[in-house]
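The values are calculated or read from the model by the stated rules, or taken from the named source; none is laboratory data. As the structure is a prediction and not an experimental result, all values here were calculated from the model. Here the Cβ is made from the backbone with ideal geometry for all residues, glycine too, and neighbour counts use every protein chain on show. Quick note on the areas: whole protein, heavy atoms, side chains included, nothing else; ligands and nucleic acids left out. Shrake-Rupley method; radii C 1.70, N 1.55, O 1.52, S 1.80 Å.
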Amino acid sequence: MTLLWRLWRRQKFWLAHREHLYQRAVAHGWTHLRICGVYLLWTLLAVALVLSFADGPDSRQRCTTLAMLACGTLIYLLAGRFWPRRENLMESVG
């Protein structure tokens, strides 16, 4: 998602940056353990869904995949508002 947003904003995506949600969460005071815990919970949820629908019909598998993609995108967008980029953070402070 970060790469897509950087392409959308016509930034040089091959250069180093600090826009990943993980880095933004750390910049806003989250601990590494807390962030990894959130990633772990999301991964476990995804694995549980994959395993529960593995023997189901293809249509259910596709719907589950699309639902997880939509949820992941929504979480990314909401987290982006919760942890703004540094330039947005500076504008709101200054």
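Quick look at the values:
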| quantity | calculated |
| --- | --- |
| Accessible area of the chain belonging to carbon and sulfur atoms, whole % at 1.4 Å probe | 68 |
| GNM top mover of Gln11, Gln23, Gln61 - the chain, alpha-carbon springs below 10 Å | Gln11 |
| For the chain, accessible area per residue (1.4 Å probe, heavy atoms of protein chains only), Å² | 80 |
| Cα-only Debye scattering, the chain: base-10 log of I(q)/I(0) at q = 0.16, 0.18 Å⁻¹ | -0.82, -0.95 |
| Longest DSSP-loop-exposure-free segment, trypsin sites (Lys or Arg not before Pro), the chain, at most 13 other Cβ within 10 Å | 19-94 |
